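Enquirer: Here it is, the structure, as structure tokens.
The values are calculated or read from the model by the stated rules, or taken from the named source; none is laboratory data. Here the structure is a predicted model, which means the values were calculated and not measured. Glycine gets a Cβ as well: all are built from the backbone with ideal geometry, and neighbour counts include every protein chain shown. Side chains included, ligands, DNA and RNA excluded: accessible areas come from the protein's heavy atoms. Shrake-Rupley method; radii C 1.70, N 1.55, O 1.52, S 1.80 Å.
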Amino acid sequence: MIDIERPGTRLRRLRRSESIRRLVNETDLHPSKLIAPVFVRHGEKVVEPIESMPGVNRYSVDEVGSYVGRLWDAGIRGVLLFGIPGSKDEMGSQAYSSDGVVPRATAEIKANIPSVLVVADVCLCEYTSHGHCGVVKEGQVDNDATVPLLAKAAVEYARAGAEVVAPSAMMDHQVAAIRTALDDSGHRETVVMGYSAKFASSFYGPFREAAGSTPAFGDRRAYQMSGANSREALREIQGDVDEGADIIMVKPALPYLDIITKARSRFNLPIAAYSVSGEYSMIKAASINGWLNERSAAMEALTSIRRAGADIIITYFAEQAANWLKEAS
Ligand SMILES: [Zn+2]
């Protein structure tokens, strides 16, 4: 029975005004913690909307500099590049061509906004004719045939000026191979951000439209993780740590907040969380229909990812969130 004459703890005291709520706020969002994914494509003078991701476009190399300038002005300091090449082949050779879209976009961005951090996604799926993340042999993605190609791509991106390379193929030992290749080619300072625990997720659906990377056969469950497994996720992360990753990542974010929290309590590296296309599109679609308030839903989702323990959030809401944060400050 509560003694209302002599009340003790009253948690509502700390919620009485905006000022006191801000004073006791435990989780902050800041634009400097957000990375914006950017789709760069072949061609010229193209800004092409992605139907399943309202507000997100693909940019040709000549257009990407001004877009990244806009992100910079909003307060975003990092971009994660995905390339959509003009041609695809079995080996994904455009992924590791020095003339590929990502190296060219990196140079273009650096010429426009020298201080922006360029993170280059390292995978083959946007570049292979079959849409898998590696080389296919006898119907299977061949791990050890793929890893040297990923390393080659990482070196090309570093050479073009990317400060961070982010291997996302979920091939065993990809981080070690990339670290070694970077060091051997004089890129000792290049940061490796491993997509350490990347789950096979239906929330990637809109991205595959954006990047044209839907597998032509089968699925990715032979290399991406099962959503049922958290202990295995920690083993994957430990593997990347042992292989020399500088930053670890959990992807997707919202359905895997518990993995972020577990990783936070076990590892001392910076943790990135990738809030994927489906997480973005479901909030967008609901808000377009008037079923959710876009701003508050998006900010609540981003806050939950930070609260779970992520230092860095990769999100398609980056620019909007940065502008909302500016308005609120
Ligand atoms: Zn891939």
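Enquirer: Kindly evaluate A166 against the criterion of being open to solvent by less than 10 Å² (accessible area, probe 1.4 Å), within 15 Å of the ligand (Cβ to nearest atom), modelled with pLDDT of 95 or more and assigned to a helix (DSSP H, G or I).
Expert: Values: open to solvent by less than 10 Å² (accessible area, probe 1.4 Å): yes; within 15 Å of the ligand (Cβ to nearest atom): yes; modelled with pLDDT of 95 or more: yes; assigned to a helix (DSSP H, G or I): no.
Answer is no for this residue.
Enquirer: Which one of the conditions (1) more than 30 Å from S129 (Cβ to Cβ); (2) crowded, with 19+ Cβ neighbours inside 10 Å does F267 fail to meet, given that it meets all the rest?
Expert: Against the list (1) more than 30 Å from S129 (Cβ to Cβ); (2) crowded, with 19+ Cβ neighbours inside 10 Å, F267 comes up short only on (2).
Enquirer: In the stretch 173-196, how many residues are out of contact with any Pro (no Cβ under 8 Å at 6 or more places or on another chain), closer than 19 Å to A263 by Cα and either surrounded by fewer than 16 Cβ atoms within 10 Å (Cβ to Cβ) or aromatic (F, W, Y) (or both)?
Expert: Total meeting the criteria: 0.
Enquirer: Next question. Note down all Cβ pairs under 7 Å where the first residue falls in the stretch 219-234 and is in contact (Cβ under 8 Å) with a residue 40 or more places away in the chain and over 18 Å from G194 (Cα atoms), the second is within 16 Å of the ligand (Cβ to nearest atom) and not in a loop (DSSP other than H, G, I, E, B), and they're at least six residues apart or on different chains.
Expert: Taking only residues 6 or more apart or on different chains, the pairs are A222/Q140; A222/V141.
Enquirer: If you check E44 against the conditions, is it farther than 26 Å from E300 by Cα, modelled with pLDDT of 95 or more, in contact with a Lys or Arg (Cβ under 6 Å, 6 or more places away or on another chain) and not hydroxyl-bearing (S, T, Y)?
Expert: In short, no.
Enquirer: Limited to the stretch 105-161, what total is found for residues that are open to solvent by less than 50 Å² (accessible area, probe 1.4 Å), in a strand (DSSP E or B), more than 20 Å from R220 (Cα to Cα) and of a type outside the set (G, A, S)?
Expert: So the answer is 2.
Enquirer: With part of a strand (DSSP E or B) and surrounded by fewer than 17 Cβ atoms within 10 Å (Cβ to Cβ) as the only criterion, which of E5, E48, E26 stands out?
Expert: Of the residues listed, the single one that is part of a strand (DSSP E or B) and surrounded by fewer than 17 Cβ atoms within 10 Å (Cβ to Cβ) is E48.
Enquirer: Now for a different question. Taking the residues in the stretch 169-179 that are over 20 Å from V101 (Cβ atoms) and part of a helix (DSSP H, G or I) as candidates, determine which candidate is nearest to the ligand (Cβ to nearest atom).
Expert: Q174
Enquirer: Quick one: what pairs do we get from the stretch 41-63, first residue without any contact (Cβ under 8 Å) to a residue 12 or more places away in the chain, second loosely packed, with under 15 Cβ neighbours inside 10 Å, C-beta under 6 Å, 6+ apart or different chains?
Expert: Cβ pairs passing all conditions: none.
Enquirer: Could you list, in sequence order, all residues of the stretch 182-192 that are closer than 15 Å to A160 by Cα and in a helix (DSSP H, G or I)?
Expert: L182
Enquirer: Still on this structure: Which number in (1) outside any helix (DSSP H, G or I); (2) surrounded by fewer than 16 Cβ atoms within 10 Å (Cβ to Cβ); (3) touching a residue at least 40 places away in the same chain (Cβ under 8 Å) marks the one condition that G290 misses?
Expert: For G290, the failing item is (3).
Enquirer: Specify the residue that is surrounded by the most Cβ atoms within 10 Å (Cβ to Cβ); the eligible residues are those in the stretch 213-259 that are hydroxyl-bearing (S, T, Y) and more than 24 Å from V135 (Cβ to Cβ).
Expert: My answer is Y256.
Enquirer: Examine the stretch 269-283 for a residue that is among the acidic types (D, E) and over 22 Å from S52 (Cβ atoms), and state whether such a residue exists.
Expert: Scanning the stretch 269-283, I find no residue that is among the acidic types (D, E) and over 22 Å from S52 (Cβ atoms), so the answer is no.
Enquirer: Can you say whether V135 is in contact with a Lys or Arg (Cβ under 7 Å, 6 or more places away or on another chain), among the β-branched types (V, I, T) and within 16 Å of the ligand (Cβ to nearest atom), as far as the supplied structure shows? Step through it out loud before you land on a result.
Expert: Numbers: in contact with a Lys or Arg (Cβ under 7 Å, 6 or more places away or on another chain): no; among the β-branched types (V, I, T): yes; within 16 Å of the ligand (Cβ to nearest atom): yes.
Criteria not met by V135.
Enquirer: Which one is farthest from the ligand (Cβ to nearest atom), of the residues in the stretch 75-104 that are in a helix (DSSP H, G or I) and out of contact with any Leu (no Cβ under 9 Å at 6 or more places or on another chain)? Before the answer, list the steps.
Expert: Quick first cut of the stretch 75-104, residues in a helix (DSSP H, G or I) only: 93-96, 101-104.
Filter once more, so that each one left must be out of contact with any Leu (no Cβ under 9 Å at 6 or more places or on another chain): 94, 103-104.
Working: Q94: 14, P103: 18, R104: 20 Å.
Restricting to residues being in a helix (DSSP H, G or I) and out of contact with any Leu (no Cβ under 9 Å at 6 or more places or on another chain), the top hit is R104.
Enquirer: Name, by its number, the condition in (1) within 24 Å of G244 (Cα to Cα); (2) more than 16 Å from the ligand (Cβ to nearest atom) that does not hold for A153.
Expert: Every condition holds for A153 apart from (2).
Enquirer: A further question follows. Suppose we filter A308, A297, A245 for residues that are among the hydrophobic types (A, V, I, L, M, F, W, C) and touching a Gly at 6+ places or on another chain (Cβ under 9 Å); which single one remains?
Expert: Matching residue, one of A308, A297, A245: A245.
Enquirer: Ok, one more. For E279, only one of the following conditions fails: (1) open to solvent by 10 Å² or more (accessible area, probe 1.4 Å); (2) of a type in the set (D, E); (3) under 17 Å from the mean Cα position of the chain (by Cα). What is its number?
Expert: (1)
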